[in-house]
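One structure is given below, encoded as C-alpha cells.
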Amino acid sequence: MQSFLRWVGLVILETFRLNILLTGGLGYVGSHVAVVLTEAGHQVTILDNLSNCKHAVLDRLTKILGKEPTFIKGDVRETSLVESILKTHSIDSVVHFAGLKSVGESVLDPMLYYNNNLIGAISVLKAMQLCRVKKFVFSSSATVYGSPQYLPIDEMHPLNPESPYGKTKLQIELILRDLVASDSGWKVVALRYFNPVGAHDSGLIGEEPNGTPNNLMPYISQVAIGALKRLKIFGSDYETLDGTGIRDYIHVMDLAEGHQAALEYLSEPSEPLSIINLGTGYGCSVLDLLKLYEIASSRRIPFEVTERRPGDIASCYANADKAFKRMGWKSKRSLKNMCEDSWKWQMSQALKK
Ligand code: NAD
Ligand code: UDP
C-alpha cells in the first residue's frame, strides 16, 4: 500500500513538475526564485553571464537546496546558446530576469541598457520561438508607471517611464503584446515589481550591490553594520505623514513566490498576456523603515536629512488586487521580517570578510 502511495505521489509530482530556465538566475531576485521553485519540486536551469553576481551564489544555493542547480555561464544575447539550453534541458517555461537594473547608469549609458536588456529579451524570445517553448514570465518594474497620477497604482495606470532603464522594460512589454497577438500559443506574464528587499532567512543569499548602494534598505543595512557612516535621507518636506518618501517594500521571498504563482497560472487556462503588479499594497516612509531596522538590528542608525534626490517622487505603492484575483498570490511577510532577514544577510556577509 505504502509503495503504491509513493508511486501515486511520484506520478503527481512528475505531472506538475516544470522544467524552467531562469535567465539571470544567480542574481538577487533570480536566486531566491531558484530556491522557491526547486523546493516546490520544479527542475531549474540557470543561465547567467555573471556580470552582476558572483559564482559563489551557486554554492550557497547548493547549501540551501542540498543539491546543485544546473548552471550554464553565458550571455542571453547568444541566441544559439539559449536555443541549445532549451533543447538539452527540455525546458517548458522561461523566467527572464537577465538585465541591467540601475536607473542612474542607464541615464549615463543608455546604449548599454538598450543593448543588454532589449537585445537580450529579443534573443531569448527568438530562441523560444525556434524551439516552440511558449511560456514566459518577465521581470518588469513599477518604474514603467513613472510619476504616479493616482495611488495605489493599479495595472491600468498610464505608462510613462522616465529613464532608459524603465523604457527598456516598457518596450519589452510592448514586444510581448505583439508576440502574443501574432501567435495564440504564447502564454506570458509580465510582473511589475515594486521595491524588493530582504533576503532568504538562511542568511546565505541576498542582495549584493556593487559599491555604495543606491537603494534605501541596502544603504541602511551598511550603516547599521558600520560600513557607512550615516544615512542621508533625501528630503523631509514631501507631502507625506512624516515628510519622507513612501515606497511599497516587498520581501524578496514573497516576490519569489509570486513567480511560482505566475508559472502555475500559465499552466491553467489564462489570458495570453497578463500584466501583474507584485507589491504589498502598503506604503512605508524612509523614517519608518529606519526605525524598524533599528529594532531588527538592535543598533542605532545615524542619519541626516539632505536635499531631495533629483527625479524622486513622494509616494509610490501598488494596488496588488490583480495578483490575488488571477494567481491567488498575495504577500505574507511584514516589514519587520524584511528588516530582520536583511540584517541576518548583512551580518553573515560581515562575518565572511
Ligand atoms: P541582478 O542584477 O541581481 O540580477 C540580474 C542577473 O542577470 C545578474 O546575475 C546578471 O549577472 C545577469 N545578467 C545581466 N545581463 C545578462 C546577460 N546579458 N546575459 C546573462 N545574464 C545576464 O538584478 P535583480 O535585482 O535580481 O533583478 C532581476 C530582474 O528584475 C532585472 O531584470 C531587473 O531589472 C528586474 N527588477 C528588479 C528590481 C529590483 O529592485 N531588484 C525591481 C524591478 C525590476
Ligand atoms: N532614500 C534615501 N536615502 C538613500 C536612498 C533612498 O532617503 O540613501 C529614499 C528615496 O528618496 C526614496 C526611498 O528612500 O524615498 C526609496 O528609495 P530607493 O532608491 O530604495 O527606491 P526607489 O526610489 O527607486 O523606489
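The values are calculated or read from the model by the stated rules, or taken from the named source; none is laboratory data. What you see is a predicted model, and the numbers here were worked out from it, not measured in a lab. Every residue, glycine as well, gets a Cβ built from its backbone with ideal geometry; the counts of neighbours run over all protein chains shown. SASA here: full protein model, heavy atoms, side chains in, ligands and nucleic acids out. Shrake-Rupley method; radii C 1.70, N 1.55, O 1.52, S 1.80 Å.
So which strands (runs of 3 or more DSSP E) are wholly in the range 185-238 and hold at least 2 residues that are open to solvent by less than 50 Å² (accessible area, probe 1.4 Å) and β-branched (Val, Ile, Thr)?
By residue number, 187-193.
Within the bounds of the range 301-318, is there any residue that is within 23 Å of Pro148 (Cβ to Cβ) and assigned to a helix (DSSP H, G or I)?
Checked the range 301-318: no residue is within 23 Å of Pro148 (Cβ to Cβ) and assigned to a helix (DSSP H, G or I).
Cβ contacts < 8 Å: first residue modelled with pLDDT of 95 or more, restricted to the range 64-82; second residue of a type in the set (Lys, Arg) and assigned to a helix (DSSP H, G or I), any location; separation 6+ or different chain. Result?
Pairs that qualify, where the first residue is modelled with pLDDT of 95 or more and the partner is of a type in the set (Lys, Arg) and assigned to a helix (DSSP H, G or I), are Thr79/Lys126.
What number of residues in the range 271-300 are crowded, with 16+ Cβ neighbours inside 10 Å, part of a loop (DSSP other than H, G, I, E, B) and either touching a residue at least 60 places away in the same chain (Cβ under 8 Å) or among the small types (Gly, Ala, Ser) (or both)?
Residues flagged as crowded, with 16+ Cβ neighbours inside 10 Å, part of a loop (DSSP other than H, G, I, E, B) and either touching a residue at least 60 places away in the same chain (Cβ under 8 Å) or among the small types (Gly, Ala, Ser) (or both) within the range 271-300 amount to 5.
Report, by residue number, each residue of the range 41-62 that is in a helix (DSSP H, G or I) and either modelled with pLDDT under 95 or touching a Lys or Arg at 6+ places or on another chain (Cβ under 6 Å) (or both).
Within the range 41-62, none qualify.
Give me the residue from the range 123-147 that is in a helix (DSSP H, G or I) and of a type in the set (A, V, I, L, M) and, out of that set, nearest to Ser267 (Cα to Cα).
The extreme case among them is Met128.
Taking the conditions exactly as written (away from ligand 1 (no atom under 16 Å from the Cβ), open to solvent by less than 40 Å² (accessible area, probe 1.4 Å), farther than 30 Å from Phe136 by Cβ and without any contact (Cβ under 8 Å) to a residue 60 or more places away in the chain), does Gly243 satisfy them or not?
yes
Let me spell it out: the conditions are (1) away from ligand 2 (no atom under 16 Å from the Cβ); (2) among the aliphatic types (A, V, I, L, M); (3) under 29 Å from Ser342 (Cα atoms); (4) surrounded by fewer than 22 Cβ atoms within 10 Å (Cβ to Cβ), and Val107 meets all of them except one. Which number is the exception?
Every listed condition holds for Val107 apart from (1).
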